[in-house]
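A.B. asks: Quick one: the structure is below, questions incoming.
Just so it is clear, none of the values below were taken in a lab; they were calculated from the coordinates. Here the structure is a predicted model, which means the values were calculated and not measured. Backbone-built Cβ (ideal geometry, glycine too); neighbour counts: all protein chains shown.
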Amino acid sequence: MAKASAKTALSRPITLATWNINSVRARLALMDAFLRQHDPDILCLQETKVKDEDFPHDLFEQRGYAHRLIHGQPGYNGVAIFAKAPVVLKEKLKLAGRDDRRHIAAELADGTILHNYYVPAGGDIPDAKKNDKFAHKLDVLDGMTKWSAGLKKKGGREILVGDLNIAPLETDVWSHKQLLDVVSHTPVETEGLLKMQAARGWVDAVRHFVPPAEKLYSWWSYRSPNWELADKGRRLDHVWVSPQLQDRLKGAQVIKAMRGMEKASDHAPIIVTLAP
């Protein structure tokens, strides 16, 4: 892969998509439909569930994503970044000391660093003493808060995307009161995520356009057969930008229609547009 200049200014707006695909090989037809319809410049995936040597590159090559950075493992987790213009692999972080393939970062042509995260779900019991998965999730969140504070000191241009597995606002879930004891919306998680956001001054790109008073979701459980009618969703997927990029935000949307497709992921993709 040719290395891009870190100082090359972007010449046009770019569209950036993030999606927890919940097994990329199981959803190639779904992915193809999305790429044909929306054709983002950059695509970030989480939960690819495939080791690197078995990744299905052909579809992405055919759709024009000549630059592909993958960080996977068999059966679970896994993250990837695809781009039509050159990008440079920046780093692959271990979250809370575990090498479970939940982060990958790329440098874009203008020097902006794009971080793609898949935060642990945390299991079903919201008690760190009784549930190691929940304890690990909180450890990851604490580490990301310290990481964000470090980025603030550097003052660079960064984008953070991914399935953060936390719905921070009351309007990010279908029922704030009923989900207070449910993993993804417990106070320790929501307060922790907002603390992490404040540590860098991250700007919530989607809420930049959709008022916080308005309900907004990106995930609907497979357990609900009438998911669209019931609309018991949660906003677990996020796109954040550093303050230096806030003025470049030009649009954001959750592509809910993809949740209703055949063999859908339980997450919907999010697309954000950035001006040059």
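A.B. asks: Using Cα positions and a limit of under 20 Å, work out the aspartates and glutamates in reach of LYS250, with same-chain residues fewer than 8 apart set aside.
C.D. replies: Of all the aspartates and glutamates, those that pass the test against LYS250 - Cα under 20 Å, at least 8 places apart if same chain - are ASP39, ASP41, ASP110, GLU158, ASP204, GLU214, ASP237.
A.B. asks: What number, rounded to the nearest 500 deg cm²/dmol, is the helix-based mean residue ellipticity at 222 nm of the chain, given -39500 (n - 2.57) per DSSP H run of at least four residues and division by all its residues? Don't skip to the answer; put the middle values down first.
C.D. replies: Numbers: 5 runs with 58 residues, N = 276.
One gets -6500 deg cm²/dmol as the mean residue ellipticity at 222 nm.
A.B. asks: From the cross-link list LYS90/LYS133; LYS49/LYS256; LYS195/LYS263; LYS92/LYS153; LYS51/LYS263; LYS90/LYS154, which pairs have alpha carbons spaced over 26 Å apart?
C.D. replies: Too far apart for the 26 Å limit: LYS90/LYS133; LYS195/LYS263.
A.B. asks: Can you tell which of GLY75, LEU93, LEU59 lies farthest toward the positive end of the dipole of the stretch 1-106, using +1 and -1 charges on the Cβ of basic and acidic side chains (Lys, Arg; Asp, Glu)?
C.D. replies: LEU93
A.B. asks: Another one. Could you tell me which of GLY123, LEU180, PRO211 has its Cα farthest along the dipole of the chain towards the positive end, charges placed at Cβ (Lys, Arg +1; Asp, Glu -1), taken about the Cα centre?
C.D. replies: With unit charges placed on the Cβ atoms, the residue in question is PRO211.
A.B. asks: In sequence order, what are the phi-derived ³J(HN,Hα) couplings for the stretch 92-102 according to the Karplus relation 6.51 cos²θ - 1.76 cosθ + 1.60 with θ = phi - 60°, rounded to whole Hz, with x for glycine and proline?
C.D. replies: 10, 7, 8, 8, 6, x, 10, 8, 10, 6, 10
A.B. asks: Now a separate question. Relative contact order for the chain: what percent, with Cα pairs under 8 Å and sequence separation of 6 or more?
C.D. replies: On the way: 646 pairs, mean separation 55.1, N = 276.
About 20 percent, as a whole number.
A.B. asks: Now for a different question. Please report, in debye to the nearest 20, how large the charge dipole of the stretch 14-274 is about its Cα centre when each Lys and Arg carries +1 at its beta carbon and each Asp and Glu carries -1 there.
C.D. replies: Working: 37 positive and 34 negative charges, 66 e Å.
The calculation lands at about 320 debye.
A.B. asks: Using amide H atoms built 1.01 Å from N in the peptide plane, name the residues 5+ places from LEU95, or on other chains, whose amide H lies under 5 Å from its own.
C.D. replies: ASP100, ARG102
A.B. asks: If you average the C-alpha positions of the stretch 119-144 and of the stretch 98-116 separately, how far apart do those two centres end up, in angstrom?
C.D. replies: Centre-to-centre (Cα) distance: 22 Å.
A.B. asks: In sequence order, what are the phi-derived ³J(HN,Hα) couplings for the stretch 117-122 according to the Karplus relation 6.51 cos²θ - 1.76 cosθ + 1.60 with θ = phi - 60°, rounded to whole Hz, with x for glycine and proline?
C.D. replies: 10, 10, 7, x, 5, x
A.B. asks: Follow-up. Test of the criteria: in the stretch 176-276, which trypsin sites (Lys or Arg not before Pro) are in a DSSP loop and have at most 12 other Cβ atoms within 10 angstrom of their Cβ? Spell out each step's value before the answer.
C.D. replies: Details: sites: LYS177, LYS195, ARG200, ARG207, LYS215, ARG223, LYS232, ARG234, ARG235, ARG248, LYS250, LYS256, ARG259, LYS263; in loops: LYS177, ARG207, LYS215, ARG223, LYS232, ARG235, LYS263.
Passing both the DSSP loop test and the Cβ count: LYS177, ARG223, LYS263.
A.B. asks: Additional query: Kindly write out, for the stretch 134-148 in residue order, the coupling ³J(HN,Hα) from the Karplus curve 6.51 cos²θ - 1.76 cosθ + 1.60 (θ = phi - 60°), rounded to whole Hz, with x marking Gly and Pro.
C.D. replies: Once rounded to whole Hz, the list reads 5, 4, 5, 4, 5, 5, 4, 4, 5, x, 5, 5, 5, 4, 5.
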